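Below is one structure; the comments refer to it alone.
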Amino acid sequence: MLTAYHEIRDRIYMLARERAVRVDWAETTPLFRLLLLYDHRQVVVARASVPVKGISVRALEDLQADLEHVFGKDWLR
């Protein structure tokens, strides 16, 4: 499983390109960034909190579950 923010961010961008969804970072805090994914109609298809630092296993599991319907099972591995 990816555990560093830059690896997670890069995977999100790679998979978003493959699945033709647009990435938007709606809000940033010291610990999390709010991610919105839009389809070609500009409809939000996914929303997730991406951990930036102090990344816990629970936060990674939640992130994987939040985006699984867009990126597929085990997308974070």
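Nothing in this text is a laboratory measurement; each read-out follows from the coordinates by a stated rule. If you're wondering where the values come from, they're calculated on a predicted model, not measured in any experiment. Glycine gets a Cβ as well: all are built from the backbone with ideal geometry, and neighbour counts include every protein chain shown.
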> Taking the Cβ-Cβ separation of Val45 and His6 as r and a Förster radius of 35 Å, what is the calculated FRET efficiency to the nearest 0.05?
Replying inline: 0.90
> Taking a spot 7 Å from the Cα of Ala59 along the direction of its beta carbon, which residues of the stretch 1-43 have an amide N less than 12 Å from it?
Replying inline: 3-6, 29-34
>> For a distance above 11 Å, tell me the whole-number percent of Cα pairs in the stretch 21-66 that qualify.
In response: 65
> By the gyration tensor of its Cα atoms, with a ≥ b ≥ c the square roots of the eigenvalues, what is the shape of the stretch 1-44: rounded for a/c under 1.5, prolate for a/b over b/c, or oblate?
Replying inline: oblate
> For the chain, what relative contact order do you get, as a whole percent, if you take Cα pairs closer than 8 Å and at least 6 residues apart?
Replying inline: 27
>> If amide hydrogens are placed 1.01 Å from N in the peptide plane, which non-local residues have theirs closer than 5 Å to the one on Ala46?
In response: Leu37
>> Using a 7 Å offset from the Cα along the Cα-to-Cβ direction at both Trp75 and Tyr38, what is the distance between the two label points in nm, to one decimal?
In response: 1.7
> Residue farthest toward the positive end of the dipole of the chain, with Cβ of Lys/Arg at +1 and Asp/Glu at -1: which of Ala65, Leu36, Met14?
Replying inline: Met14
> Just from its helices, what would the mean residue ellipticity at 222 nm be for the chain, if runs of 4 or more DSSP H residues each count -39500 (n - 2.57) and the sum is divided by every residue, rounded to the nearest 500 deg cm²/dmol?
Replying inline: -12000 deg cm²/dmol
> Which option, [x] 72; [y] 31; [z] 53, is the value of percent of Cα pairs over 18 Å apart that was calculated from these coordinates?
Replying inline: [y]
> For the stretch 62-77 and the stretch 18-33, what is the separation of their Cα centres, given in Å?
Replying inline: 14
